[in-house]
Structure formats: structure tokens, C-alpha cells
Amino acid sequence: MHPVAETAVMPPDVKGRHPDFDSTGPSMESSLPISNKPVHEVIREKLDSIHDDRWEADEENSFFIGDLGEIYRQHLRWQSLLPRIEPFYAVKCNPDPMVVKMLATLGTGFDCASKTEIEQVLNLGVDPSRIIYANPCKQRSFIRYSQKQNVKKMTFDNAEELYKIKALFPDAELVLRILTDDSNSLCQLGLKFGAPLATTGRLLRLARELDLNVIGVSFHVGSGCFDASAFGDAVCRARKVFDEGEELGFNFTLLDVGGGFPGADVQDGITFEKVAAILGPAVDQMFPSNIRVIAEPGRYYVASAFTICAHIIARRTVGRDASELHGESGDEHPEYMYYVNDGMYGSFNCIIFDHQEPVAQVLQKDNVFMAEAEWSMEQDYKCSIWGPTCDSIDCLSKQTSLPQLDVGDWLYWKNMGAYTICAASQFNGFKKSEVHYTNTFI
Ligand SMILES: Cc1ncc(COP(=O)(O)O)c(C=O)c1O
């Protein structure tokens, strides 16, 4: 039975649910301190520790708060709503060492895209059978590495990859990644990967000729999928390829339903509950219980677990119309350009690569830590928000409205855990934002 209720799953008493989890979270030995305080308190303490009259260089750098408790809540929600489907966390989404360690402790599997990701997971003592090398186009030396490490499960979607695998790892357990309809997703991975159904028969016949071990089918409906029915449609396509495989003499045992699950904080539109209500029953109807079903969620686990805080390092006052731009306006309703110390080349690369529109909120103004209710009472001014580099593409928001802020004030952005830190560069010499951890699951 798959619960269809549109309600968030309340975390049960965690004691007894998992042997490695006590009231303070998973018992992970860590060199990094993990607080147990609410996110806003951890942020407040961090800001209180920064004194503008005597700070060291870098002290007021932007920073993340990573809430490991939120990841655990997401895990429990997954187990409750999709109990048959085993999550293999997509490391690429956020390879933060504490996140990966926590999920390893919780017993998830891992979807790795490269040797480095496989290595990171194996170094935590995770059994190679809990890894799927889910990149259909792999570097040859990485296939050899997988063979040495006994990471057997890997995806393919083209004939050339089969020849490579035959030469380097003939005992691999292969999963055929098929193309699905990803037209309702932010990131349409089908442009690059996935065998169209018209080609799967040919690929499976070739695998048979090469005496390769194809164990099942995978798909990815696209990252940031906003149409829950895409999952149901993809399961139907996977069933067709299972049937095709059976006709060719394969005995498929694995269905991999990929990623594309929404993060926790979606208020309307698609929700995990909606996806689970379609995906769970579709899998049960079309695949008997002896078929193992795994998924590769990335965003789902981490998006809502990370909040980023950035400091206003510069402000430029501009006029309201074009003629006043580039000059001090003297206008009594000025508009502002705020420059903050993380940007498009850093954590906010998600604006370009992940098609996100992060929403800035006021964190601290005139040295006063502000609750949302307080700053929403203030008069708003039109403004734009820019990153710290010398490139004009480095813009976080072309037009928004915020209370009047000044250099030294702080902004924050919620839901910044997915596809942010992992693709951040240090362009112009700006360091990546550090992560401070808390665990709000108490
Ligand atoms: C093969 C594969 N699996 C899983 C994921 C994770 O997707 P998501 O973060 O949307 O769950 C991705 C993302 O690009 C991917 O390429």
C-alpha cells in the first residue's frame, strides 16, 4: 500500500528506528562540530561571533548551514511513502562529506558518476554492491577501476559502451538506461542520455551476442521534474523493455527509477507525495515483488537541508529610470544594487546550471537579526543583487524588492542544498562558502 495523503510525514521517535541513530542524529564520528540547535539559532550565533570592528579577513565570508536532521526527515518520508524502492543517493547533487557519511550510516545506496565519487563512497566502508555507476558514457580507466573495486552495477545506453565494457569488465551487471519523456523537467537529461525504445531491442541483442550480463532497466525523468505522471509513463516504458529482454532470454531482476524527485520545500505544484502516489502503485502493478527496485534521488534529499547566508559587501545607489543609472540619484525612492560575497560562479551557479531562481531574504540589518515578520513590515525598495566577481553575468537577481539595506547587512537563501556547492568555482579568487552543520531532528 502506498499512502497518498498530501501530508508531510512527521518523524516518529527516532530511537529504535535505526541502530546508528540516537537522539542527536546518526552516530557519525566527525571532526566537524554538529550543533543540535535550530538553523536560525546557529546562524545567529555565527553572526554574533563576527565583529566588524575587529574581524580577520575571511571572517565575514558567506556560509552554509547544513541541517542533517532535515536529510534524516527526508529519508523517513521516503521509507514511509515508497517503502519498496531503495534510494541510491545521487552523490553529484551534493557530495558534502557529512551528507554522504550520514546517508551511508542510514544504509542508502549510492549513484556515482565518476571514479572520485565511487572512491568517496567506498572510503566510508560502503559495500560495492551498494553503488551503481550510473553514467552511461564512462571513461575506460574508470571502468577498469570499478572492476578492481568490484562495483558491478553500471548503466549503458549505446553500443559502443557495450564493446568497452566487454573489453574491460565483462562480468559487470549492466542496466539499460532508456529514454523517457522529460519535457516537463527543468533539466532535460534525455538530450544527452537514454536509449530510445526503437533502439533497445538492437542493444539487447548486441549484449546477448557479447555474452554480457544485463540485469535490468533504468530511466531518469529529468531533474527538477514538475509532472508526476512522467514517472508513471516511464515505468510503462521500462516494462516494455523488460518484456523485450525476456523475449531475448534475459532474466532481468532490477528496475532503477532514477532521480527527478522534488525537494522537500515545494509548496505547490509537484510534491514527493504526488510522485509517490503515482510511482509506487505503477511499480507494484507492473513489476512483481521479486524485482528489486532502486532509485537515484539527489535533490530530494538535500535541497531543503542547506541555507546559505551572504554578506552585503558593497552597495550602489541608482535612480529609478535609465537616465539616472550609473549616478547617485538623490531620489527619495532610490533603487539599489547590492553586491554579496557568493555568486553565480560560486554556490549560485544553480541559477545557470540548474535553472533555479533563489529568493533572497533579509537576515541581519543594522546589526539586528531579523525574523521574516519584522522585515516584511518595512518599506521595500527595488533592487538587484550581484555576486562578488568582476563579471557582469554574476547577477543573482535582476530585479527584486527588499527593505533598505547597507554594507554589512546579511541576506539568506533557503533550499540551497542541490546542485550548488558541487559545481562552485573559485573564480576571481573567492573561496567556496563553508558549511556549518546542525541536526534539528530531536
Ligand atoms: C543518472 C542520474 N541519476 C540521478 C540524478 C539525480 O537527479 P535528481 O537530483 O533530480 O534526483 C541525476 C542528475 O543529474 C543523474 O544524472
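The values are calculated or read from the model by the stated rules, or taken from the named source; none is laboratory data. This one's a predicted model, so the numbers in the text were calculated from it and none came from an experiment. Here the Cβ is made from the backbone with ideal geometry for all residues, glycine too, and neighbour counts use every protein chain on show.
Some points to look at:
- Scanning segment 152-188 for residues that are of a type in the set (V, I, T) and either assigned by TED's automatic domain parsing to the domain that holds F353 or within 15 Å of the ligand (Cβ to nearest atom) (or both) turns up T155, V175, I178, T180.
- Check on T155, of a type outside the set (A, V, I, L, M), at pLDDT 95 or above, within 21 Å of Q79 (Cα to Cα) and out of contact with any helix residue (DSSP H, G or I) (no Cβ under 6 Å at 6 or more places or on another chain): no
- Search result, residues across segment 406-435 that are more than 16 Å from the ligand (Cβ to nearest atom) and surrounded by fewer than 19 Cβ atoms within 10 Å (Cβ to Cβ): D406, V407, G408, K414, S425, Q426, F427, N428, G429, K431, K432, E434
- Whichever residue in segment 277-297 is in a strand (DSSP E or B) and of a type outside the set (G, A, S) and, among such residues, is nearest to the ligand (Cβ to nearest atom): I294
- Tally of residues being at positive phi and more than 16 Å from the ligand (Cβ to nearest atom) across segment 218-275: 1
- Residue match in segment 205-217 (condition: within 16 Å of the ligand (Cβ to nearest atom), under 21 Å from A276 (Cβ atoms), in contact with a strand residue (DSSP E or B) (Cβ under 6 Å, 6 or more places away or on another chain) and modelled with pLDDT under 95): no
- Among (1) in contact with a Leu (Cβ under 7 Å, 6 or more places away or on another chain); (2) in a helix (DSSP H, G or I), the one test that I352 misses: (1)
- Selection count where residues are more than 20 Å from I294 (Cβ to Cβ) and under 21 Å from the mean Cα position of the chain (by Cα), scope segment 191-218: 2
- Cβ pairs under 6 Å, 6+ apart, first in segment 91-117 and assigned by TED's automatic domain parsing to the domain that holds V293, second more than 11 Å from the ligand (Cβ to nearest atom) and among the basic types (K, R): G109/R130
- Some residue of segment 53-72 being crowded, with 24+ Cβ neighbours inside 10 Å, within 16 Å of the ligand (Cβ to nearest atom) and modelled with pLDDT of 95 or more: yes
- Residues that are in a helix (DSSP H, G or I) and within 30 Å of W413 (Cβ to Cβ) within segment 241-276 comprise F272, E273, K274, V275, A276, listed in sequence order.
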